[in-house]
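J.: One structure coming up, written as structure tokens, with questions to follow.
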Amino acid sequence: MNYKISFQERAKLSLEQLAKQKPVTLEEARAQAKRLSQASQSKVKKQRCNAIL
């Protein structure tokens, strides 16, 4: 990664990358949020179990 680029150049590159991505539907976003929420809850439970042992 080139660290010597300006914020404007970085913003332009980011917008180009976003333009290449496929659009996301509301249903897909909700499903992803639910999946991530469940994954984070299970991680917390694993940490609690390991702390008890």
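Read-outs: derived from the displayed coordinates by stated rules, not from any lab. No experiment lies behind these values; they were computed from the predicted model shown. Virtual Cβ from ideal backbone geometry, glycine too; neighbours counted across all protein chains shown.
J.: From the phi of every residue in segment 25-40, what ³J(HN,Hα) in whole Hz does the Karplus formula 6.51 cos²θ - 1.76 cosθ + 1.60 yield, where θ is phi - 60° and glycine or proline is x?
T.: With the stated coefficients, segment 25-40 comes to 7, 4, 5, 5, 5, 5, 5, 5, 4, 5, 4, 5, 5, 5, 5, 6 Hz.
J.: At 7 Å along Cα-to-Cβ for each site, give me the label-to-label distance between residue 22 and residue 7 in nm.
T.: Computed distance between label sites residue 22 and residue 7 equals 3.5 nm.
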